Amino acid sequence: QLDVLSILPFEVLYFFFGFNPAFRANRMLKHNTFFEFNDRLEAILEKAYIYRVIRTTGYLLFILHINACIYYWASDYEGLGSTRWVYNGKGNMYLRCYYWAVRTLITIGGLPEPQTLFEIVFQLLNFFLGVFVFSSLIGQMRDVIGAATAGQNYYRSCMDNTVSYMNTYSIPKIVQNRVRTWYEYTWDSQGMLDESELLEQMPDQMQLAIAIDVNFAIVNKVDLFKASSFTGECRHGCDTQMIYDMLLRLKSIVYLPGDFVCKKGEIGREMYIIKQGEVQVLGGPDGTKVLVTLRAGAVFGEISLLAAGGGNRRTANVVAHGFANLFTLDKKTLNEILVHYPESEKLLMKKARVLLKEKGKPAPGPPVQQPRGVADLFGQKKETPKLFKAMFRGTGKEGFAKLLQMKREQDIQSRENKTKEKNKEKSKQTKILKESKDKRDFTKGTYLLILYEAKNEPEPEQKKPVQPAASSGPPAQKEEPNADAKPKPPAVMHRGTTNESLIISMSPSPRAGEGEILKVEAKEKTQK
């Protein structure tokens, strides 16, 4: 409505009343459009505080212009050149009136004294208005400059507090210099110390929109998450919404030159995505050989996210080559996301196994040339035994002495092992003999004792225990008990010195329900 009123053509009244700028006063109703223009312009400017300073200065110049116009009107009302206070009509009237307005509104002073009552009242109102307007513009200018340097002041405050803390606890100067370097690089590279603080103030949808624009192209390069030509069911990529949730969990970390991103032997719990800078993978015997250099957009450690049982250890050292800004995603965070996406979890597990197999395969080398001619008749040379390798490491008698020492140790160890095995066998046989003597009664069976009498009568004076031995020959023939015969009294075995050995064994009865049979064999000893 105000815009419609502002364009009404009141200029047609010039034909009836002559030229008068008051007929164009309705154009002032478009002031809302002016402020809307300022808001939109600030939204698209990278450094909006510069425009705010220029706009505030424009406000001051426009107010001085209005004051100069009012002064010319007052001089014309009193009469040009009628008094020393009014404009005398000489020179450039706009510049002279503007000069008077500046000295009056900014309260510089040095102006002619007003003569009439109108001039005194006009001058007083001009002074009061000048003090109010000038103080407001100065305050607004201070706020604009303060807002422009608020981030820098916060950075200085954080850095000063950190330095004061390190000085209090006597932190070494080398560490202090690295901390200062980290503060300076982080602030210069991204304009803030922690990007998450800025995104936390926004709604989730806006955070997601920014994360997609900034990080989606990088995360989509990860083989574990992007759609690829895997075999089987791994032909499609992960759920897009799962990747969106993962983008909100990425953390940005700045590494200084020489910082270890990960060390060899550590358990892999994070995945790294290089946002800016380079990292070097070190290996070799001394861990200083540069195997490969990874640059912006490269990804490493993604298999560690799905390694089960913590068995995936880092196989090399990764060091920042210069300043490097990396995104990290830890295993715990990924597991929290996969709880809501079971299908994607299964797919990621399959992809991880496929990637692990591919990366675990040795690099293809040149084909091995097969020997030709006479050498083809002999097989491939076997590896030299370790015993000879140990001997060849020394020179002269020292190597041979080491060989003899290792041989002695090997013989002693073998004898000890044989002794232990014999003792175990004896204890086992003694235990079997003891258990066989304790078993006397069964439900439907009795022991069948087969005893061969010794050829030589035992000597009653010399009593030696019977030594059981393992049965090596065939067992004695079983004797069927006569049903009509009367039960014989139990046989008594006299102990003494004989030239026969006893072999005692237990075997199940061929008849069902009769338990076990104790067999004792007497074998004649062989004469040496």
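Among the residues of segment 152-190, those identified as open to solvent by less than 70 Å² (accessible area, probe 1.4 Å) and either over 22 Å from N325 (Cα atoms) or outside any helix (DSSP H, G or I) (or both) are S157, V163, S164, M166, I171.
Screening R295 on (1) surrounded by fewer than 17 Cβ atoms within 10 Å (Cβ to Cβ); (2) farther than 30 Å from L256 by Cβ; (3) modelled with pLDDT of 55 or more shows it passes everything except condition (2). Among the residues of segment 123-137, the ones that are open to solvent by 30 Å² or more (accessible area, probe 1.4 Å) and at pLDDT below 85 come to 1 in all. Scanning segment 75-91 turns up no residue that is modelled with pLDDT of 85 or more, under 20 Å from V53 (Cα atoms) and either part of a helix (DSSP H, G or I) or not assigned by the TED database to the domain that holds R55 (or both).
Checking each residue in segment 502-522 for being at pLDDT 70 or above, part of a loop (DSSP other than H, G, I, E, B) and open to solvent by 60 Å² or more (accessible area, probe 1.4 Å) picks out P510, R511. Return yes when L13 is surrounded by fewer than 14 Cβ atoms within 10 Å (Cβ to Cβ), of a type in the set (A, V, I, L, M) and modelled with pLDDT of 90 or more and no when it is not. It is false that L13 is surrounded by fewer than 14 Cβ atoms within 10 Å (Cβ to Cβ), of a type in the set (A, V, I, L, M) and modelled with pLDDT of 90 or more. For segment 131-139, the condition holds for at least one residue, the condition being that it is aliphatic (A, V, I, L, M), in a helix (DSSP H, G or I) and touching a residue at least 40 places away in the same chain (Cβ under 8 Å).
Would you mind stating whether I66 is under 20 Å from E113 (Cβ atoms), modelled with pLDDT of 90 or more, in a helix (DSSP H, G or I) and not aromatic (F, W, Y)? Give the derivation first.
Numbers: under 20 Å from E113 (Cβ atoms): no; modelled with pLDDT of 90 or more: yes; in a helix (DSSP H, G or I): yes; not aromatic (F, W, Y): yes.
Criteria not met by I66.
Taken as a whole, segment 270-288 holds at least one residue that is without any contact (Cβ under 8 Å) to a residue 40 or more places away in the chain, β-branched (V, I, T) and over 26 Å from A211 (Cα atoms).
Checking each residue in segment 194-220 for being under 20 Å from the mean Cα position of the chain (by Cα) and either of a type in the set (G, A, S) or closer than 21 Å to G258 by Cα (or both) picks out S196, A211, A217.
For segment 104-119, name all the residues that are in a helix (DSSP H, G or I), closer than 17 Å to N67 by Cβ and either open to solvent by 50 Å² or more (accessible area, probe 1.4 Å) or among the aliphatic types (A, V, I, L, M) (or both).
At the first step, the residues of segment 104-119 found to be in a helix (DSSP H, G or I) are 104-105, 117-119.
From what is left, the residues that are closer than 17 Å to N67 by Cβ are 104-105, 118-119.
Once the filter is applied, which keeps residues that are in a helix (DSSP H, G or I), closer than 17 Å to N67 by Cβ and either open to solvent by 50 Å² or more (accessible area, probe 1.4 Å) or among the aliphatic types (A, V, I, L, M) (or both), segment 104-119 yields L105, F118.
Any idea how many residues of segment 209-247 are more than 21 Å from L348 (Cβ to Cβ) and either assigned to a loop (DSSP other than H, G, I, E, B) or modelled with pLDDT of 80 or more (or both)?
Step one: of segment 209-247, the residues more than 21 Å from L348 (Cβ to Cβ) are 209-210, 213-214.
Next cut, either assigned to a loop (DSSP other than H, G, I, E, B) or modelled with pLDDT of 80 or more (or both) only: 209-210, 213.
So the count comes out to 3.
The values are calculated or read from the model by the stated rules, or taken from the named source; none is laboratory data. Everything quoted here is computed from the prediction, not taken from an experiment. Counting neighbours? That spans all protein chains shown, and the Cβs are built from the backbone with ideal geometry, glycine included. Surface areas here come from the heavy atoms of the whole protein model, side chains and all, with no ligands, DNA or RNA. Shrake-Rupley method; radii C 1.70, N 1.55, O 1.52, S 1.80 Å.
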